[in-house]
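The values are calculated or read from the model by the stated rules, or taken from the named source; none is laboratory data. It should be emphasised that the depicted structure is a prediction, and the values quoted were computed from it without experimental measurement. Here the Cβ is made from the backbone with ideal geometry for all residues, glycine too, and neighbour counts use every protein chain on show. The area values use the complete protein model at the heavy-atom level, side chains included, leaving out ligands, DNA and RNA. Shrake-Rupley method; radii C 1.70, N 1.55, O 1.52, S 1.80 Å.
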Amino acid sequence: MADLQFRTPKGTHDVLPEDQQYMTYIKKAVRHRARQAGYRRTEPPIFENKGIFERGIGLHTDIVEKELFMVSGKHNADEAEKQFALRPEFTAGICRSYIEHGMQQLPQPVELYAIGPCFRYDRPQKGRYRQFHQFDLEVIGLRDPSLDAQLIHVVTKIMSDLKILKRLNLQINNIGSSENRAAYVEALKDYFIGKERNLPEDDQKRLQTNPLRLLDSKEEDTQILLRSAPTLDQYLSDESKHYHETLLEYLDELGIAYTPNAGLVRGLDYYNQTVFEFWDQSTGAQNAVGGGGRYDGLIEQLGGKPTPGVGFAGGLERMIWHMKEAGVKAPNKDHVDVFVAQLGPEAKKRCLALVSQLREFGVHTVGALGEASLKSQMRLADKFEARYTLLLGKMEVKEGTIILRDMRAGKQRQMKYEEAIPEIIASLGKENLDTYVLRDQMESSDD
Ligand code: AMP
């Protein structure tokens, strides 16, 4: 690799045009399915007061303890002054926004979705970046298993549109109410009395700060000890059990396949009742494509009135990886229809207008407006893989003509200058022109 002075920071990557095609395709699927289901798009700021994440996600979670990407607006700020953090996910920010804008006044549930970059200052590895993209769906204001089922259904529709649903495995669990969990955590702590020393160091700490996290520990010693430990489902109330059974019935009704997973807890504090993840069929938990769950206590935790909610976040980079593995091609709309070549100052002037007119008609047009020879302009047209080339030299300007070359057929003919645009439009076919009416244009903004 070249010895460059500047590269992308560790854990970040340029989303180059090839991947933008995938990004756009995914965003379109998300927007389409979200709109169908009544979700409206929102976007919280990229950075928030760090307290929102500490309170919402939980102080003793990996995301907050190790992965918050801290920022300060100030130059020379010391650690203590870093009061902001880049968003590690959307849920906490969207719930803050729900409270701040009095959305409890709106008809409930309020369904919101967001798409954009998130940041986690984690050690980068395959499928794990410091800047990555999520799409996020939130249903706030009501508590009913049918909402959890419908949310999961929208996600499966998106994954199926992108042709990766078959590669994924929906894991689902119910972690009970906060009271259920508090009772279980006590039981778990009791069980580990006298056994702490057999736990790996990190898990010893977790036992103190966030014992539930032991359940999804990757440490073998921990998993062995857990085999005879009390299980969370023994502490679920009848109400929680009933909630979960009803949800599973609804999923059956919708024809959604799932795998019950009693060990699934998810790493964030705000969840209660339903939790679920979409795992890679082949590698399992390692590189989940997305996950979510119910968070009935979060809004209150952030200072709002008690308000239930359920949400999901999917990772775009991991989805793109699956699409590529599955051989799914995102449509490429970046092709060049016409390359305009010219020679001489008069021809150049005319070409400026010609290029602009072609573009207005929805023809993807690139103009060689430099001073290169016609021959090298033709080579360029080839490299751009243009379908047609229009050639305008000194002679043609004088005669009021132009040459149209079909690059695939390798044939060309001369025609009146005025005939060029109608001819191109007829050859490309009106249905292939890249034109928008205003309504589409607004909907198609791809940020
Ligand atoms: P989480 O809520 O932490 O499970 O994140 C939801 C989804 O976001 C994951 O399933 C991944 O697809 C994606 N994701 C989370 N963290 C990262 C990361 N560091 N790099 C890439 N994708 C990520």
### Task
Output the residue which, of all residues in region 330-340 that are at pLDDT below 95 and of a type outside the set (D, E), is most open to solvent (accessible area, probe 1.4 Å).
K333
### Query
For residues in region 99-122 being free of Cβ contacts under 8 Å to residues at least 60 places away in the same chain and out of contact with any strand residue (DSSP E or B) (no Cβ under 9 Å at 6 or more places or on another chain), which is least open to solvent (accessible area, probe 1.4 Å)?
G102
#### Entry: Filter result for A85 (open to solvent by less than 20 Å² (accessible area, probe 1.4 Å), touching a Lys or Arg at 6+ places or on another chain (Cβ under 8 Å) and free of Cβ contacts under 8 Å to residues at least 40 places away in the same chain)
yes
### Message
What's the total number of residues in region 125-137 that are more than 8 Å from the ligand (Cβ to nearest atom) and outside any strand (DSSP E or B)?
### Response
1
### Task
Report, by residue number, each residue of region 280-308 that is within 13 Å of the ligand (Cβ to nearest atom) and of a type in the set (D, E).
D280
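Listed here are the residues, each with its yes/no results for (1) at pLDDT 95 or above; (2) in a loop (DSSP other than H, G, I, E, B); (3) loosely packed, with under 15 Cβ neighbours inside 10 Å.
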position	(1), (2), (3)
K28	yes, no, no
E67	no, yes, no
M70	no, no, no
E89	yes, yes, no
S97	yes, no, no
### Query
Given G393, G400, which one is at pLDDT 95 or above and either of a type in the set (G, A, S) or touching a Lys or Arg at 6+ places or on another chain (Cβ under 7 Å) (or both)?
G400
### Query
Only one of these conditions is not met by E245: (1) assigned by TED's automatic domain parsing to the domain that holds I26; (2) touching a residue at least 24 places away in the same chain (Cβ under 8 Å). Which number is it?
(2)
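Here's the yes/no breakdown for (1) near the ligand (Cβ under 10 Å from one of its atoms); (2) over 26 Å from G116 (Cα atoms); (3) not assigned by TED's automatic domain parsing to the domain that holds R408:
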site	(1), (2), (3)
Y258	no, yes, yes
L268	yes, no, yes
V310	no, no, yes
R318	yes, no, yes
N332	no, no, yes
G344	no, yes, no
### Query
Which residues, counting only those in region 30-51, are open to solvent by less than 40 Å² (accessible area, probe 1.4 Å) and either acidic (D, E) or assigned to a helix (DSSP H, G or I) (or both)?
V30, R31, A34, E48, G51
### Task
Check region 359-380 and report whether any residue there is open to solvent by 10 Å² or more (accessible area, probe 1.4 Å), polar (S, T, N, Q), assigned to a helix (DSSP H, G or I) and in contact with a Ser or Thr (Cβ under 9 Å, 6 or more places away or on another chain).
no
### Task
For residues that are in contact with a Phe, Trp or Tyr (Cβ under 7 Å, 6 or more places away or on another chain) and not hydrophobic (A, V, I, L, M, F, W, C), scanning just region 393-419, find the one that is surrounded by the fewest Cβ atoms within 10 Å (Cβ to Cβ).
G400
### Query
Given N173, N210, N180, which one is within 16 Å of the ligand (Cβ to nearest atom) and more than 28 Å from the chain's Cα centre (by Cα)?
N210
### Message
Give me the helices (runs of 4 or more DSSP H) completely within region 198-314, filtered to those with at least 3 residues that are of a type outside the set (A, V, I, L, M) and open to solvent by 60 Å² or more (accessible area, probe 1.4 Å), ordered by residue number.
### Response
201-209, 220-226, 238-253
### Message
Pairs needed: first member in region 186-210, outside the structural domain of H60 (by TED's automatic domain parsing) and of a type in the set (K, R); second member anywhere, surrounded by 14 or more Cβ atoms within 10 Å (Cβ to Cβ) and assigned to a loop (DSSP other than H, G, I, E, B); C-beta distance under 6 Å; at least 6 residues apart or different chains.
### Response
none
## Note on the structure
Restricting region 341-352 to residues that are of a type in the set (A, V, I, L, M, F, W, C) and open to solvent by 50 Å² or more (accessible area, probe 1.4 Å), the one nearest to the chain's Cα centre (by Cα) turns out to be L352
### Top-ranked residue of region 315-329 - restricted to ones that are open to solvent by 60 Å² or more (accessible area, probe 1.4 Å) and basic (K, R), ranked as farthest from F53 (Cα to Cα)
K329
### Task
Looking only at region 72-87, count how many residues are outside any loop (DSSP other than H, G, I, E, B), more than 16 Å from the ligand (Cβ to nearest atom) and in contact with a helix residue (DSSP H, G or I) (Cβ under 7 Å, 6 or more places away or on another chain).
1
### Message
Quick check on my filter: what residues within region 161-197 are aromatic (F, W, Y) and open to solvent by less than 30 Å² (accessible area, probe 1.4 Å)?
### Response
Y184, F192
